[in-house]
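Asker: The structure's right below; bear with me while I get my questions together.
The values are calculated or read from the model by the stated rules, or taken from the named source; none is laboratory data. Remember, it's a predicted structure, so these values are computed and weren't measured experimentally. Here Cβ is always computed from backbone atoms with ideal geometry, including for glycine, and neighbour counts include all displayed protein chains.
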Amino acid sequence: MLNTRFDFSRLRTLTRFLNGSDARTEDRRPGARVLCVASGKGGTGKSIMASNVAVLRSQRGERVLLVDFDAGLANAHLLLGLAPRYDFGHVLDGSIQARDAIVVGPLGLSLISGGVGRHALANPTRRELELLFDALRPLEQEFDLIIVDLGAGLSYSTVAHLAAGSTLLLVTNHEITALSDAYALYKRAHMVNPHIRVGMVVNRAPDEAQAMSAWERFKATSFQFLGHHPELVGWVPADEAVLRSVQARKPVSLTEPDSRAARAMAKVAAWAPIEVARTTSAFYERARKALR
Ligand SMILES: Nc1ncnc2c1ncn2[C@@H]1O[C@H](COP(=O)(O)OP(=O)(O)O)[C@@H](O)[C@H]1O
Ligand SMILES: [Mg+2]
């Protein structure tokens, strides 16, 4: 006999469950993939790389958040032609939520700025980093990809990111000074996170021969002393199109997409590990734990 008193609310619950849109399922949704961009030495082109990769991944329809974690000396907003009203300083002093510090840039990509010249952010304490990681944590559910532009060197906050992340883009130049600092960073990254996947980009190289020779030297040294080496994602030529794009405050991938540098950066943005740059638990939870 047909049960006319069928409980439709139970059916809806079951349907939601099977469709994977049950509230509990939602909480367990994997968060954003996270790509860290770091270098040993400063000025190697991290922010140029991070902002262009952010634009190129947005172009594919991904919801991208660029986090300028060069806290205190942030400049990603300049490269994107943005003037953020708020930055991490405001998040830290509790005046706003991290979400409210987001500014929307080219192709709808989102940026959170680290703030310029704020003393407290140049050397954040453990407590301040905990607060920032907690503040960023909810955003993981709102984006497909988070790209973190890290400051140069091996600061406490950079090491926490390296310990928590699955995927690192290591930006270097072909000079020995940049390579040597990149080696120090690579070694440290592996020490705190043996499973990290590291891809190297030789940026601002005069030509392919010098880029390849730098890469071969890096690879050989890493292998000799550590028993492993990163993979080569690509090399980007020194290109005046990049300088013009900095002047124009727009990523070169938008101003001169056919330039040699932009084409090389498109290859970097297509690096396959970016598709799977995820850890089993929330990135910012892991970063917080790494501070202990
Ligand atoms: N491929 C390139 N060709 C020419 N100039 C470049 C290239 N990459 C970076 N630069 C120059 O180097 C400067 C520093 O780059 P930036 O990304 O800010 O370095 P970082 O973030 O590592 O400190 C840029 O403002 C730009 O003038
Ligand atoms: Mg930078």
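Asker: Residues of the range 73-100 being small (Gly, Ala, Ser) and more than 17 Å from the chain's Cα centre (by Cα), which ones?
Answerer: Within the range 73-100, 81, 83, 89, 94, 95 qualify.
Asker: Which ones in the range 101-112 are part of a helix (DSSP H, G or I) and either more than 19 Å from the chain's Cα centre (by Cα) or on the phi < 0 side of the Ramachandran plot (or both)?
Answerer: Within the range 101-112, 101, 106 meet the criteria.
Asker: Anything in the range 216-267 that is within 16 Å of ligand 2 (Cβ to nearest atom) and in a helix (DSSP H, G or I)? List them, or say none.
Answerer: Correct list: 242, 243, 245, 246, 252, 265.
Asker: Go through the residues of the range 271-279 one by one and say whether even a single one is of a type outside the set (A, V, I, L, M, F, W, C) and in contact with a helix residue (DSSP H, G or I) (Cβ under 9 Å, 6 or more places away or on another chain).
Answerer: Yes, there is a match, as at least one residue in the range 271-279 is of a type outside the set (A, V, I, L, M, F, W, C) and in contact with a helix residue (DSSP H, G or I) (Cβ under 9 Å, 6 or more places away or on another chain).
Asker: So, one more: Could you count how many residues in the range 158-183 are surrounded by 24 or more Cβ atoms within 10 Å (Cβ to Cβ), of a type outside the set (A, V, I, L, M, F, W, C) and part of a helix (DSSP H, G or I)?
Answerer: 1
Asker: Only residues that are more than 6 Å from ligand 1 (Cβ to nearest atom) and closer than 20 Å to residue 283 by Cβ: list them for the range 36-50, please.
Answerer: Passing the criteria: 36, 37, 38, 49, 50.
Asker: I'd like to verify a number: residues in the range 68-122 that are within 16 Å of ligand 1 (Cβ to nearest atom) and polar (S, T, N, Q), how many?
Answerer: Here the count works out to 2.
Asker: Let me ask another. Among residues belonging to the range 38-55 that are buried (at least 24 other Cβ atoms within 10 Å of the Cβ) and part of a loop (DSSP other than H, G, I, E, B), point out the one that is nearest to the chain's Cα centre (by Cα).
Answerer: 39
Asker: Also: Any chance you could count how many residues in the range 51-67 are out of contact with any Ser or Thr (no Cβ under 6 Å at 6 or more places or on another chain) and either among the polar types (S, T, N, Q) or within 10 Å of ligand 1 (Cβ to nearest atom) (or both)?
Answerer: The number of residues fulfilling the criteria is 3.
Each row is one residue, and each column tells you yes or no for (1) touching a Pro at 6+ places or on another chain (Cβ under 6 Å); (2) at pLDDT 95 or above.
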residue	(1), (2)
44	no, yes
48	no, yes
51	yes, yes
55	yes, yes
72	no, no
80	no, yes
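Asker: Collect the residues in the range 62-96 that are of a type in the set (A, V, I, L, M, F, W, C), farther than 24 Å from residue 127 by Cα and not in a helix (DSSP H, G or I), keeping them in residue-number order.
Answerer: Hits for the range 62-96 are 64, 80, 82, 83.
Asker: Let me ask something additional. Among 238, 261, 270, which is in contact with a Ser or Thr (Cβ under 9 Å, 6 or more places away or on another chain) and within 20 Å of residue 51 (Cβ to Cβ)?
Answerer: Residue meeting the stated conditions: 261.
Asker: I would also like to ask the following. Return only the number of the condition from (1) more than 16 Å from ligand 1 (Cβ to nearest atom); (2) in contact (Cβ under 8 Å) with a residue 12 or more places away in the chain that residue 125 does not satisfy.
Answerer: Of the numbered conditions (1) more than 16 Å from ligand 1 (Cβ to nearest atom); (2) in contact (Cβ under 8 Å) with a residue 12 or more places away in the chain, the odd one out for residue 125 is (2).
Asker: Something else: Name the single residue that is nearest to residue 94 (Cα to Cα) among those in the range 113-153 being among the aliphatic types (A, V, I, L, M) and in a loop (DSSP other than H, G, I, E, B).
Answerer: Step by step, filter the range 113-153, then rank; the result is 150.
Asker: Output the residues belonging to the range 184-203 that are surrounded by fewer than 24 Cβ atoms within 10 Å (Cβ to Cβ) and assigned to a helix (DSSP H, G or I).
Answerer: Of everything in the range 184-203, those that are surrounded by fewer than 24 Cβ atoms within 10 Å (Cβ to Cβ) and assigned to a helix (DSSP H, G or I) turn out to be 184, 187, 188, 190, 191, 192.
Asker: Something else: With the requirement that a residue be within 16 Å of ligand 2 (Cβ to nearest atom) and surrounded by fewer than 24 Cβ atoms within 10 Å (Cβ to Cβ), what does the range 56-79 give you?
Answerer: Result: 72, 73, 75, 78.
Asker: Something else about it: Which members of the range 144-153 meet the condition of being surrounded by 19 or more Cβ atoms within 10 Å (Cβ to Cβ) and away from ligand 1 (no atom under 14 Å from the Cβ)?
Answerer: Hits for the range 144-153 are 145, 146.
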